[in-house]
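Note sheet for the following structure.
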Amino acid sequence: MKKHLVIVGAGHAHLTILKNLQEFKNADHDVTVVSSSSLHYYSGMGPGMLSGIYRPEEIRFNVEKMSQDRGATFIEDKVIKINAPDKTIDLQSGRTLSYDAISINTGSYVPVAASDAANGMIVKVKPIENLLNAKRQIAALLKEKELKLAVVGGGPTGVEVAGNLDRLVDDEAGKCRITLVAGSRLLQDFKAGVRRRVMRSLLRRKVEVIEDTRMSAIGDRFVTLTDGRKIESDMIFMAVGVRPSPLFADSGLTTGPDGGMLVNKYLQAVSYPEIFGGGDCISFEPKPLAKVGVYAVRQNPILLNNLQCFLKGAPLEPFIPQKAVLLAFNMGDGTAVVQWHSLVWGGRLGFALKNYIDKTFMKNFQVSGELTTGT
Ligand SMILES: Cc1cc2nc3c(=O)[nH]c(=O)nc-3n(C[C@H](O)[C@H](O)[C@H](O)COP(=O)(O)OP(=O)(O)OC[C@H]3O[C@@H](n4cnc5c(N)ncnc54)[C@H](O)[C@@H]3O)c2cc1C
């Protein structure tokens, strides 16, 4: 029987579904993809785009064309509410869509106080488009003056952003002082070898790293720290971690401790079997998962399979998270620091590995002429 499948959010966790949408059409189902943007940027290469290592078209997917080429309807819009008992969703534009099955991948956002959100100096590191806009602004400003940039957050994203800002400034032949406010210790959840290598790389390039001190407030061209210091900043990159999309709490769905949609081992909402989800927006009931793209990517084939099985009434497959995740931090200077199990190494070979993994991923999903048409 013909069913209507709705795919919400064309992010990292939905790319395999998008690439295989034709299979749903072949089974005589209608598919609608709703996403807030017609282009999706791959976050793993985002800091590299900030520095200019990658061109924007090298790191993005034309998800609108990808959907339409495979027979789906694409709607560029935002879902603002899921009315689960009625099997409908409300869009920002005022439209309402009904579904028989739905998969949700609305990602996460950087929490910034409402009072700071309108501050034009603040760059939230997500969505990745923000980094592209910042790069253009910085390149223009460097022609006029010496800049002061602050990066708030001492996790992997803050580290990569700081390292790649340094590369951008160098390549633009500009002058800049970069300060990274780590909050706690830099990369405090990582192995000592990773921390040492990253710290060495940043200090060698005169990035000031402030540890064990948090940002307490944002003023006009400065940030204040908890120890009372004021750091002058023309632009402030907020890399303070992410929270799952607020859509689920707003819709009255069952959420996990982090506010993500609570899903069982089949990536299926605990109270509504026709709702599936993956990536940063879910809270995985069997075990909390870090908000990293690696899990979103691994959930792709499970989501594809389980939606197909659900629509034909077949048994579902569980998602089993991998135990160890390869981590590679692009330091912006042609090197990366890599952690794999207990092994830590770095240098140009590390970057070559990261670059190879990232480019292989892009090649697999850039199926809509992104590189040739420049979309
Ligand atoms: C700068 C940076 C670098 C990173 N580097 C790495 C890395 O190297 N390795 C790694 O594992 N992780 C990395 N991460 C983490 C990684 O980005 C996330 O874990 C990953 O993006 C999660 O993917 P997702 O599919 O859940 O969401 P996303 O890929 O963010 O996709 C969300 C999608 O939903 C759409 N959307 C959002 N809200 C709505 C709505 N209401 N209605 C409709 N559509 C909506 C968006 O337009 C987008 O298409 C990085 C993060 C950042 C910020």
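No lab work stands behind these numbers, since they all come straight from the coordinates. Model, not experiment: these values are computed from the prediction. Here the Cβ positions follow ideal geometry from the backbone for every residue, glycine too, while neighbour counts run over all protein chains shown.
Where does each of His4, His12, His29, His341 land when they are ranked from fewest to most other beta-carbon atoms within 10 angstrom? It would help to have the intermediate numbers written out before the result.
Numbers: His4 15, His12 27, His29 22, His341 10.
Going from sparsest to densest Cβ surroundings: His341, His4, His29, His12.
Projecting the Cα atoms of Pro47, Phe24, Gly71 onto the dipole axis of the stretch 16-114, where Lys and Arg carry +1 and Asp and Glu carry -1 at the beta carbon, places Pro47 farthest toward the positive end.
Relative contact order (percent) for the chain, with alpha-carbon contacts under 8 angstrom and 6 or more residues of separation?
Details: 792 pairs, mean separation 71.6, N = 375.
19 percent.
Against the chain, whose longest principal axis comes from its Cα atoms, helix 156-171 is set at around 60 degrees.
A simple spin-label model places pseudo-atoms 7 Å from Cα toward Cβ; at Ala314 and Thr373 they are separated by 3.2 nm.
Dipole size of the chain about its Cα centre, with +1 on Lys/Arg Cβ and -1 on Asp/Glu Cβ: approximately 1040 debye, rounded to the nearest 20. Among Tyr295, Tyr54, Tyr266, the residue with the largest mean-square fluctuation in a Gaussian network model of the chain, with springs joining Cα atoms closer than 10 Å, is Tyr54. About the centre of its Cα atoms, the stretch 280-375 shows a dipole size close to 180 debye [charges on the beta carbon of Lys, Arg (+1) and Asp, Glu (-1) only; nearest 20 debye].
Given only helices, namely DSSP H runs of n ≥ 4 each adding -39500 (n - 2.57), what is the per-residue ellipticity at 222 nm of the chain, to the nearest 500 deg cm²/dmol? Walk me through the numbers before you get to the answer.
Values: 12 runs with 118 residues, N = 375.
After summing the helix terms and dividing by residue count, I get -9000 deg cm²/dmol.
Put a plus charge on the Cβ of each Lys and Arg, a minus charge on the Cβ of each Asp and Glu, and nothing anywhere else: the dipole of the stretch 114-241 about its Cα centre is then about 420 debye. Fewest neighbouring Cβ atoms within 10 Å first, the residues Met199, Met331 line up as Met199, Met331. Residues considered: Ser108, Ser184, Ser283. Largest GNM mean-square fluctuation over the chain, using C-alpha springs under 10 Å, is found at Ser184.
Could you list Cys281, Cys176 so that the one with the fewest beta carbons within 10 Å of its beta carbon is first and the one with the most is last?
Cys176, Cys281
Comparing Gly228, Gly174, Asn133 along the charge dipole axis of the stretch 114-241, the residue lying farthest to the positive side is Gly174, per the Cβ-charge model.
Determine the alpha carbon to alpha carbon distance for each of Lys78/Lys287; Lys206/Lys291; Lys126/Lys291 and list only those over 22 Å. Walk me through the numbers on the way to the answer.
Values: Lys78/Lys287 29 Å; Lys206/Lys291 30 Å; Lys126/Lys291 13 Å.
Lys78/Lys287; Lys206/Lys291, as the Cα separations exceed 22 Å there.
Taking a straight Cα-Cα cut-off under 18 Å and skipping sequence neighbours fewer than 8 places away in the same chain, the aspartates and glutamates within cross-link reach of Lys145 are Asp166, Asp170, Asp171, Glu172, Asp220, Glu232, Asp234. Given R0 = 22 Å, the distance between the Cβ atoms of Lys81 and Val270 translates into a calculated FRET efficiency of 0.70. Comparing Ser38, Ser93, Ser251 in a Gaussian network model of the chain where C-alpha atoms under 10 Å apart are linked, the largest mean-square fluctuation is found at Ser93.
Against the main long axis of the alpha-carbon atoms of the chain, helix 293-312 sits at an angle near 10°.
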